[in-house]
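Inspection log for the structure reproduced underneath, given as structure tokens.
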Amino acid sequence: MMGRPRRPILSREGIFAAALTLVDEDGSEALTVTRLAKRLGVQAASLYNHVSGREEIVEGVRDLVVAEMDVDALDGEPWQEALAVWARSYLAAFARHPNTAKLLSTTTIRSPATLAMYERAVALLERAGWPSDQVVTVFTAIESFAIGSALDLAAPSVMIDPSSQGLPLLSVALKDAPPARAMAAFELGLAALIRGLDERLRQLC
């Protein structure tokens, strides 16, 4: 006589990891409690024994993405280099999980890991002399640039195709562009952004 099939063992960590995989594979719109439960082999009601709902699952996904960032860099000095290292790790995390960008940028941030990261960013910038009313704007500028660049990295290998439009200048410029165009653009933009922030701080002081 065959026994009853064992129910999958659920945990918060397992639910969040499965949610991240679901978003990676099927996009942010695929993240529903019902669809996630099906992936885990349980009924949707079973998930509510571990999480309060979709909002908490989204924040769990956010925690996992942040865990892939070099948050310790924010404790470094000088602040310009600390921000650069953090920005590169931010880019790398979202480049690995580009489908999370829309999901995480349209929900209120409550994840403990993300809030702790911001606390360290504020501490770094205030140590550098940034006024309190400027620090959120500064780290948001870095975040926005890193996320946009991550989406560029995830774009098709041929993103701009002017071949049928008779645009000779653009065609030559694209031909001469470096092979790792998106990464080169990120490094150029990051350097310019940090130089601009450095100049802005000098003006404020």
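Side notes on the structure shown:
- Mean-position separation - Cα centroids, region 96-122 and region 180-205, in angstrom: 22
- Cα centre as origin, Lys/Arg/Asp/Glu Cβ charges: the chain dipole, Debye: 860
- For the chain, a Gaussian network of Cα nodes joined below 10 Å ranks S111, S89, S157 by mean-square fluctuation, and the top entry is S157.
- Cα-centre dipole for region 55-106 with unit charges at Cβ (Lys and Arg positive, Asp and Glu negative), debye to 20: 360
- Loop sites in region 7-56: GluC sites (Glu not before Pro), DSSP, at most 14 other Cβ within 10 Å: none
- Angle between the chain longest axis and helix 181-204 axis [Cα atoms, degrees, rounded to 10]: 70
- Largest GNM mean-square fluctuation among A192, A177, A19, using the chain with Cα springs under 10 Å: A177.
- Between the residues M69, Q80, I57, the greatest Cα displacement towards the positive end of the dipole of region 35-83, with unit charges on the Cβ of Lys, Arg, Asp and Glu, is found for I57.
- Cα-based shape type of the chain, given that a ≥ b ≥ c are square roots of the gyration tensor eigenvalues and the cut on a/c is 1.5: oblate
- For the chain, the longest principal axis of the alpha carbon atoms and the long axis of helix 112-127 meet at an angle near 20°.
- Percent carbon-and-sulfur accessible area, the chain, ignoring ligands, DNA and RNA, probe 1.4 Å: 57
- Angle in degrees between helix 54-67 and the longest Cα principal axis of the chain, rounded to the nearest 10: 50
The values are calculated or read from the model by the stated rules, or taken from the named source; none is laboratory data. Computed from a predicted model, the values in this text were never measured in an experiment. When we count neighbours, we look across all protein chains shown, and the Cβ atoms used for this are built from the backbone with ideal geometry, even at glycine. Calculation scope for accessible area: heavy atoms of the full protein, side chains included, ligands and nucleic acids excluded. Shrake-Rupley method; radii C 1.70, N 1.55, O 1.52, S 1.80 Å.
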